[in-house]
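First up is the structure itself, then whatever we jot down about it.
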Amino acid sequence: MSERCFALGASLGAMIMTATVGAEQLDLVRDGQPRAAIVLPSQPEADEQLAAEELQQYVETISGARMSIVTGAGVGDALPIRIGLASAPDLASVLGRETALPDACVVDVSKAGITLGGLSPQGTLFAAYELLEKLGVRWYLPGELGTVIPSRRTVSVELGRTGRGPSFASRHLQAVPATLPWYRHQRLGGPVFPSSHNIRLKPRIGDGDEALLALVGDKRRGHQLCISNPTLLDRAVAYALDYFTKHPDAPWIGMGPADGAGFCECPGCRELDGGEWDAFSAEPSMTDRYIWFFNQVLARIHPTFPGKKIGFYCYHTYQLPPRKWTPDPHIVPAFAPITLCRIHGMSNPVCPDRSFYKTLMVEWGKILPETYERGYYFNLACPQFPFSKIHAVRDETRVAHDAGVKGWRVECISSWACTGPTLYVAARLMWDVHADVDALLAEFYELFFGPAAKPMGEYLELVDHAFRDTDCHTGGSFCMPQVFPPKRLALAEALIRKAVTLAGEAAPWQARVAMFRDNHERLSLFLRMLEAEKRADFAAAKAAHDQIVELSQTMADTVLATAAPVRGKRKATAPLLYGRAATGYVKRFWTPTVESGHERTAERGQLVTVLPDEWDFQIDPKDLGEQLTWQRDGTIGGNWRAIRTLSASWSDQGLHYYKGHAWYRTTVTLPESTAGRKLFLWFGGVDEKAKVWLNGTLLGTSADPGEGLPGVAGAFRPFDMDATEAARPGAENTIAVKITNLQLNEVGTGGIVAPVMFWTPR
């Protein structure tokens, strides 16, 4: 036997040693009869016991043969499959020389038997999964439907040795329940870095503590804190000391600003800032003041608890590296780039905004030894229509590895019919950053879809490439018309139809194709709804909307897998679509517009005219528009540009998450038949506030909704304004709208985001 070993280093992970002996095979089962037995240590750990049971169960499913499990005893003439490295100290020392990461594992197959072991009990469990994958088992999605198990009477494995260590110490997909077996089948795990949207104090803030709150304008408010206040520092240190006293083995504590704006404006806090402007959040960078604060906390806790760390979200207006203060090396940032495009990869030339994220990641990696990634693997605020980030994941995982990122806790949604393939590829790359993604996908299409592999592979790649190649950068579903224009949508539907035909009624192919077919149908209905809204045909829009809601609920009620509850929590599930997103985001962003428009045009009123999708537009960063009378009647100059409203967002028209004031202007001729009738100007929704003039007359603001509107006034909500007195029937009318958009949201839209129309009561 000739063995070759090579080390890639603990951080590189992947395959850290191999040995092969030609193509010689070792039979675990022959002609349906077991030839091997599983040997556990005399006092097995829970994960070692699970490794034995999983191996026994899957081999039996493959072959019908049930291998016995023995504990600390011989197996007679059977081939031993030893669980754990206790019986093979030589392998433990070899593996330990290659990596210190506890999840590293080794599968050693020789004529004398098989050893499955790791540097921890979980590592041993991962060794069992490595062996099962060698036998052809695949866990593409959670549950039985997501699992591929071959069927054969003889089960064999090649002689040789495979050692693997993870490329990243920490590998987590947030919102995918860790209690689902799929989680560890994909070798997810490792330490979970702590970050926090607050600074905990001891004692907590109470009456009389107003001085600890941020000074905003001329008042102390309760959202952010006054970082420069010495008492705040004392109480943050007291909390940290108490925490580490109670949790002496914890390596770190989470700390950071509250989520959102409202930072302290007092002279002491401003003095701590680095003076840099964060253009992506349209605010001064807050990074330096918090780095200063974390430095003070660490300096005071390290005499008692040396080496303890602070984890914080590198996010929003504290994502830029510090300029004024040198961070203590025990500060651990976790990147959460919510104000940068979350669709494309860092190296994608279609998205210069995202390439800036690479700059941030590399710069932070130069000044701190430990960084983590806390990004997004789903389309934020979208009802979970078809979406794919495989193109971005395969790019950014390797970039992050090269930049020294130590691990992942990525935000995602448990919507497997939407992001399942993305999560599968992401998990594989977290374990082995050098995995061949094209080979993974080719195998996935073939094994998962069977006779429908070709059209389903083409469909899923069409979805992935559609997001990769489209110059759109908005979260939510506002960019779906650009990503799926009619020609691409028709091609996608043709592929789905072909896949349905090839899958037929045979299980499991029919059910696997159906989950993607049904989600594509939701997308088609959504685009149909938007087209109807453009025409103010709210009867058609409501019909499509109601079908979306019904199909969304059906898919949300379909569960692939359920895991046992942990510590009294509800059972964790893996649904086709996560209900709170699939139905909740429809109701938040789209239902109010459809229902309000339908009520006005199909129930108690009728359409007079719908305004155009494209308006004249100007940003107004200094809020001078009203002084310059941009609201006045008639034609005005000023180099206005054309911009779309409901069919494209601000970010998708080059405004890059613009925050501030902006103006829209357009004209429309009202029919003479409206003379003497009540007339309303209706907006289907704006982001986030609107002030409206008709022919130079102020009609009101979106904060004052009209009678009978669903919900309440606010961003993305419809509103009415009485236009009767200001309107000119039979003549041209000028509509001017001032938009104020100041608050960060996860969507990246802005301005008018829905149809605008005149209507009259019957």
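The values are calculated or read from the model by the stated rules, or taken from the named source; none is laboratory data. Just so it is clear, the model here is predicted, and its values are computed rather than measured. As a convention, Cβ positions derive from the backbone with ideal geometry for all residues, glycine included, and neighbour counts pool all protein chains shown. Calculation scope for accessible area: heavy atoms of the full protein, side chains included, ligands and nucleic acids excluded. Shrake-Rupley method; radii C 1.70, N 1.55, O 1.52, S 1.80 Å.
Considering only residues that are open to solvent by 30 Å² or more (accessible area, probe 1.4 Å), under 11 Å from Gly751 (Cα atoms) and not in a loop (DSSP other than H, G, I, E, B), which ones fall in segment 626-660?
Arg644
Which helices (runs of 4 or more DSSP H) sit wholly inside segment 347-445 and have at least 1 residues that are under 18 Å from Tyr140 (Cα atoms) and touching a helix residue (DSSP H, G or I) at 6+ places or on another chain (Cβ under 6 Å)?
Details: elements: 352-367, 390-402, 416-431.
Per the criteria, 390-402, 416-431.
Checking the conditions here, which among Gln631, Gln618 is closer than 27 Å to Val350 by Cα and touching a strand residue (DSSP E or B) at 6+ places or on another chain (Cβ under 6 Å)? Step through it out loud before you land on a result.
Details: Gln631 fails: closer than 27 Å to Val350 by Cα.
Gln618 is the lone residue from the list that is closer than 27 Å to Val350 by Cα and touching a strand residue (DSSP E or B) at 6+ places or on another chain (Cβ under 6 Å).
Determine which member of the set Arg600, Arg588, Arg567 is under 27 Å from Pro421 (Cβ atoms) and either modelled with pLDDT under 90 or in a helix (DSSP H, G or I) (or both).
Working: Arg600 fails: under 27 Å from Pro421 (Cβ atoms); Arg567 fails: under 27 Å from Pro421 (Cβ atoms).
Criteria check complete, one pass: Arg588.
Out of the helices (runs of 4 or more DSSP H) lying entirely within segment 447-517, which hold 2 or more residues that are modelled with pLDDT under 95 and not β-branched (Val, Ile, Thr)?
On the way: elements: 453-469, 480-483, 486-503.
Of the helices (runs of 4 or more DSSP H) lying wholly inside segment 447-517, those with at least 2 residues that are modelled with pLDDT under 95 and not β-branched (Val, Ile, Thr) span 480-483.
I'm trying to understand the selection: among the residues of segment 115-128, which are open to solvent by less than 40 Å² (accessible area, probe 1.4 Å) and either assigned to a helix (DSSP H, G or I) or in contact with a helix residue (DSSP H, G or I) (Cβ under 7 Å, 6 or more places away or on another chain) (or both)? Working first, answer last.
So in segment 115-128, the residues open to solvent by less than 40 Å² (accessible area, probe 1.4 Å) come out as 115-118, 120, 122-128.
Passing the criteria: Thr115, Leu116, Gly117, Gly118, Gln122, Gly123, Thr124, Leu125, Phe126, Ala127, Ala128.
Keeping to segment 588-613, report how many residues are touching a residue at least 12 places away in the same chain (Cβ under 8 Å) and surrounded by fewer than 19 Cβ atoms within 10 Å (Cβ to Cβ).
Step one: filter segment 588-613 for residues touching a residue at least 12 places away in the same chain (Cβ under 8 Å), giving 588-602, 604-613.
Okay, now just the ones that are also surrounded by fewer than 19 Cβ atoms within 10 Å (Cβ to Cβ), so 588, 598-599, 602, 604-607, 609, 612-613.
Of the residues in that region, 11 qualify.
Can you spot a residue in segment 87-98 that is closer than 19 Å to Lys134 by Cβ and modelled with pLDDT of 95 or more? Steps first, answer last, please.
To start, the set of residues in segment 87-98 that are closer than 19 Å to Lys134 by Cβ comprises 88, 91, 95.
Now restrict to residues that are modelled with pLDDT of 95 or more: none.
Within segment 87-98, not a single residue is closer than 19 Å to Lys134 by Cβ and modelled with pLDDT of 95 or more.
What pairs come up if the first residue lies in segment 48-63 and is at positive phi and in contact (Cβ under 8 Å) with a residue 12 or more places away in the chain, the second is surrounded by fewer than 20 Cβ atoms within 10 Å (Cβ to Cβ) and assigned to a helix (DSSP H, G or I), and their beta carbons are under 7 Å apart, counting only those six or more places apart or on different chains?
Every condition considered, no pair remains.
Tally the residues that are touching a Lys or Arg at 6+ places or on another chain (Cβ under 7 Å) and either surrounded by fewer than 17 Cβ atoms within 10 Å (Cβ to Cβ) or not in a loop (DSSP other than H, G, I, E, B) (or both), restricting the search to segment 70-91.
Residues meeting the conditions: 1.
Within segment 92-104, identify whether any single residue is within 35 Å of the chain's Cα centre (by Cα), more than 24 Å from Arg138 (Cα to Cα), in contact (Cβ under 8 Å) with a residue 60 or more places away in the chain and not in a loop (DSSP other than H, G, I, E, B), and answer yes or no.
Checked against the condition, which is being within 35 Å of the chain's Cα centre (by Cα), more than 24 Å from Arg138 (Cα to Cα), in contact (Cβ under 8 Å) with a residue 60 or more places away in the chain and not in a loop (DSSP other than H, G, I, E, B), segment 92-104 yields at least one hit.
This table checks each residue for (1) in contact (Cβ under 8 Å) with a residue 24 or more places away in the chain; (2) assigned to a loop (DSSP other than H, G, I, E, B); (3) farther than 24 Å from Trp408 by Cβ.
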position	(1), (2), (3)
Glu130	yes, no, no
Glu158	yes, no, yes
Arg171	yes, no, no
Asn198	yes, yes, no
Arg204	no, yes, yes
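Given (1) polar (S, T, N, Q); (2) closer than 15 Å to Val297 by Cα; (3) in a helix (DSSP H, G or I), where does Ser228 come up short, assuming only one miss?
Going through the list (1) polar (S, T, N, Q); (2) closer than 15 Å to Val297 by Cα; (3) in a helix (DSSP H, G or I), Ser228 breaks only (3).
Just to verify a result, which residue in segment 419-454, among those that are open to solvent by 20 Å² or more (accessible area, probe 1.4 Å) and of a type in the set (Gly, Ala, Ser), is farthest from Ile496 (Cα to Cα)?
Across segment 419-454, the extreme among qualifying residues is Ala439.
Please find, among Ala574, Ala532, Ala561, the residue that is surrounded by 20 or more Cβ atoms within 10 Å (Cβ to Cβ), closer than 30 Å to Val756 by Cα and in contact with a helix residue (DSSP H, G or I) (Cβ under 9 Å, 6 or more places away or on another chain).
Values: Ala574 fails: closer than 30 Å to Val756 by Cα; Ala561 fails: closer than 30 Å to Val756 by Cα.
Only one candidate qualifies: Ala532.
Going through Asp616, Asp623 one at a time, which residue ends up being at pLDDT 90 or above, open to solvent by 20 Å² or more (accessible area, probe 1.4 Å) and at positive phi?
Details: Asp616 fails: at positive phi.
Answer to the selection: Asp623.
Could you go through segment 402-414 and let me know if any residue there is over 20 Å from Cys314 (Cα atoms) and of a type outside the set (D, E, K, R).
Step one: list which residues in segment 402-414 are over 20 Å from Cys314 (Cα atoms), which gives 413-414.
Next, from what is left, pick out any that are of a type outside the set (D, E, K, R): 413-414.
Yes - at least one qualifying residue is present in segment 402-414.
Hey, Val157 hits all of (1) in contact with a strand residue (DSSP E or B) (Cβ under 7 Å, 6 or more places away or on another chain); (2) under 28 Å from Ala564 (Cα atoms); (3) surrounded by fewer than 23 Cβ atoms within 10 Å (Cβ to Cβ) but one; which does it fall short on?
Of everything listed in (1) in contact with a strand residue (DSSP E or B) (Cβ under 7 Å, 6 or more places away or on another chain); (2) under 28 Å from Ala564 (Cα atoms); (3) surrounded by fewer than 23 Cβ atoms within 10 Å (Cβ to Cβ), Val157 misses just condition (2).
Considering only residues that are hydrophobic (A, V, I, L, M, F, W, C) and touching a helix residue (DSSP H, G or I) at 6+ places or on another chain (Cβ under 7 Å), look in segment 182-210 and name the one that is most open to solvent (accessible area, probe 1.4 Å).
Ranking the candidates gives Ile205 first.
Could you please give the count of residues in segment 171-181 that are under 20 Å from His401 (Cα atoms) and either surrounded by fewer than 22 Cβ atoms within 10 Å (Cβ to Cβ) or out of contact with any Gly (no Cβ under 8 Å at 6 or more places or on another chain) (or both)? Before the answer, list the steps.
Step one: list which residues in segment 171-181 are under 20 Å from His401 (Cα atoms), which gives 171-174.
Remaining after also requiring either surrounded by fewer than 22 Cβ atoms within 10 Å (Cβ to Cβ) or out of contact with any Gly (no Cβ under 8 Å at 6 or more places or on another chain) (or both): 173-174.
The number of residues fulfilling the criteria is 2.
Collect the residues in segment 173-196 that are assigned to a strand (DSSP E or B) and of a type in the set (Gly, Ala, Ser), keeping them in residue-number order.
If the condition is that a residue be assigned to a strand (DSSP E or B) and of a type in the set (Gly, Ala, Ser), then Gly189 is the only one that fits.
Determine, yes or no, whether Pro322 is under 28 Å from His473 (Cα atoms) and either free of Cβ contacts under 8 Å to residues at least 24 places away in the same chain or open to solvent by less than 30 Å² (accessible area, probe 1.4 Å) (or both). If you could, list the steps in order and put the result at the bottom.
On the way: under 28 Å from His473 (Cα atoms): yes; either free of Cβ contacts under 8 Å to residues at least 24 places away in the same chain or open to solvent by less than 30 Å² (accessible area, probe 1.4 Å) (or both): yes.
Taking the combined requirement at face value, the residue satisfies it.
Out of all the residues in segment 421-433, is one or more of a type in the set (Asp, Glu), in contact (Cβ under 8 Å) with a residue 12 or more places away in the chain and within 24 Å of Tyr578 (Cα to Cα)? Outline the logic, then answer.
First, the residues of segment 421-433 that are of a type in the set (Asp, Glu): 432.
So of that shortlist, the ones also in contact (Cβ under 8 Å) with a residue 12 or more places away in the chain come out as 432.
Then drop every residue that is not within 24 Å of Tyr578 (Cα to Cα), which leaves none.
No, that holds for no residue.
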